Amino acid sequence: MATAPQTLAHRNRRTMRIALLVAIGSLSMGFASVPLYRIFCEQTGFGGTTQRADAATKVNVATGHTLSIRFDSNVTPGMPWKFYPEHRTDTVTVGARDMAIFVAKNMSDKPVTGTAAFNVTPTQAGAYFTKIQCFCFTEQTLQPGQEVRMPVLYYVDPKILDDPDNKDTQQITLSYTFYPVENGKKPS
């Protein structure tokens with residue numbers, strides 16, 4: 001028969017093990033939450049996250065219905081780039097491929113690598129805004145004083161016309177923000 005101090009010590013060790021497992025599980029979920037959230041947003045268009053397709057993807061037939069696309073560009077404070085769209089707005093036919101050009105220029109005297117985060121507003125339109133090719137898919141390195149033209153090839157899926165949440169959508173804004181990539185790490 002176990003004595004009271006031995007039983008108490010056994011319960012304390014068991015409680016400590018459970019608490020340790022809960023802490024490890026919580027920490028693991030913390031690390032997994034960012035990629036899981038990113039996957040969720042990419043699949044659902046949540047938060048204005050656009051869809052992604054490859055160049056071989058067959059685009060649905062153009063509908064004749066048009067939307068205005070507005071382009072927004074930003075750089076984070078301290079990023080020595082000028083970054084802007086060649087044209088602030090474009091009128092596109094729903095279902096037809098279109099292309100926008102953004103210009104970036106490194107204003108510093110050293111190479112700078114950046115990566116672009118993006119979103120679409122209204123957020124419910126993100127599920128229907130599909131990018132085929134985009135500078136935002138990869139990091140961009142600009143040499144001192146270098147200026148580049150960067151294309152975005154995209155289309156708006158005709159399914160947007162059947163979505164009651166998008167029935168009043170007349171304009172979609174595609175917004176980019178460039179962040180510096182420091183020491184090979186993307187911003188979180």
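Computed values, structure above
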{"item": "Selection within region 115-139 - open to solvent by 40 Å² or more (accessible area, probe 1.4 Å), assigned to a strand (DSSP E or B) and within 20 Å of Thr76 (Cβ to Cβ)", "result": "Ala117, Phe118, Asn119, Thr121"}
{"item": "First in region 67-94 and under 11 Å from Tyr176 (Cα atoms), second anywhere and assigned to a loop (DSSP other than H, G, I, E, B) and at pLDDT below 95, Cβ under 9 Å, 6 or more apart", "result": "Thr76/Pro187"}
{"item": "Lone qualifier among Ala2, Ala19, Ala55, Ala32 - being at pLDDT 70 or above and out of contact with any Lys or Arg (no Cβ under 9 Å at 6 or more places or on another chain)", "result": "Ala19"}
{"item": "Candidates Tyr84, Tyr37 - the one that is modelled with pLDDT of 85 or more and not β-branched (Val, Ile, Thr)", "result": "Tyr84"}
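A quick yes/no check of all residues on (1) more than 22 Å from Thr66 (Cα to Cα); (2) out of contact with any Lys or Arg (no Cβ under 7 Å at 6 or more places or on another chain); (3) not basic (Lys, Arg):
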site: Arg97; (1), (2), (3): no, yes, no
site: Ala100; (1), (2), (3): no, yes, yes
site: Thr121; (1), (2), (3): no, yes, yes
site: Gln124; (1), (2), (3): no, yes, yes
site: Tyr128; (1), (2), (3): no, no, yes
site: Gln133; (1), (2), (3): no, yes, yes
site: Met150; (1), (2), (3): yes, yes, yes
site: Leu161; (1), (2), (3): no, yes, yes
site: Pro180; (1), (2), (3): yes, yes, yes
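The values are calculated or read from the model by the stated rules, or taken from the named source; none is laboratory data. Bear in mind the structure is a predicted one, so any value in this text is a computation, not a measurement. Ideal geometry is used to build each Cβ from the backbone, glycine not excepted, and the neighbour counts take in all protein chains shown. What goes into the accessible areas is simple: the full protein's heavy atoms, side chains included, and nothing from ligands, DNA or RNA. Shrake-Rupley method; radii C 1.70, N 1.55, O 1.52, S 1.80 Å.
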